[in-house]
Amino acid sequence: MISLLVADESHTPVVAALLAGLFEDVEHNLGFEELLDIFPDIDADDHHSTLLALNEDGDAVGVITIAECLSLSAGGRYGVINELYVVPDYRSAGVGKMLMDFAKEIGEQRGWTRIEVTTPGDEFDKTLRFYEREGFVKIGPRYKFVF
């Protein structure tokens, strides 16, 4: 049985461990120690939520992070999923869908007009197919500027 909850600062080590696993998979440069430092500040922001999936033993098996944004083109407030990760032993077991449904529920409660997702490149075709099954449509590439 999988249970879902909104993480708080007490979950910092668990969130850091899960996201370090994600970032290793996608060759991102943030590791566990950096995430330990960053998460409390992000968690304190009222426009950000981290959702956890726990197995029957209370071990975290998945995480999704969502942030609220504003846009005229979106018609107001909307959510952005920045990270989604399920530990390998729980992939294809519905955990990702449960986390996604929880994020959608939160978005509806907050009156968001939509949810967007940052996706990895085309080489992660299973991930892209998952989002398409969840009703997401491609809206174009995304760029970044680093300070």
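At-a-glance table
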| item | result |
| --- | --- |
| Distance from region 93-129 to region 9-56 (C-alpha centre basis), Å | 17 Å |
| Beta bridge orientation in the chain: antiparallel %, DSSP, nearest 5 | 90 percent |
| Additional length obtainable on full extension of the chain from M1 to S71, 0.36 nm per residue less Cα span | 21.4 nm |
| Ranking of Y78, Y85, Y131 by count of other Cβ atoms within 10 Å, fewest first | Y131, Y78, Y85 |
| In nm, spacing of pseudo-spin labels at L30 and D59 (7 Å Cα→C-beta vector) | 2.5 nm |
| Two-decimal log10 I(q)/I(0) for the chain, as the Debye equation yields it once each C-alpha is a single scatterer, q = 0.16, 0.17, 0.21 Å⁻¹ | -0.91, -1.05, -1.62 |
| Using θ = phi - 60° and Karplus 6.51 cos²θ - 1.76 cosθ + 1.60, couplings along region 37-47 (whole Hz; Gly, Pro as x) | 6, 7, 4, x, 5, 5, 4, 6, 7, 5, 9 |
| Residues H48, H28 arranged by fewest to most Cβ contacts within 10 Å | H28, H48 |
| Length released on extending from D46 to A17, taking residue separation times 0.36 nm less the Cα-Cα span | 8.2 nm |
| Set of aspartates and glutamates near K126 by C-alpha distance (under 20 Å), chain-local residues within fewer than 8 positions excluded | E24, D25, E27, E83, D89, D101, E116, E134 |
| Value of D in µm² per second that Stokes-Einstein yields for region 47-126, Kirkwood Rh from Cα pairs, at 25 °C (0.890 mPa s) | 183 µm²/s |
| Relative contact order (%) - criterion: Cα under 8 Å, at least six apart; region: the chain | 20 percent |
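All of the numbers you see were taken from the coordinates with simple rules; none came from a lab. These numbers were taken from a predicted model, which means no experiment stands behind them. So basically every Cβ, Gly included, is an ideal-geometry build from the backbone, and we count neighbours across all protein chains shown.
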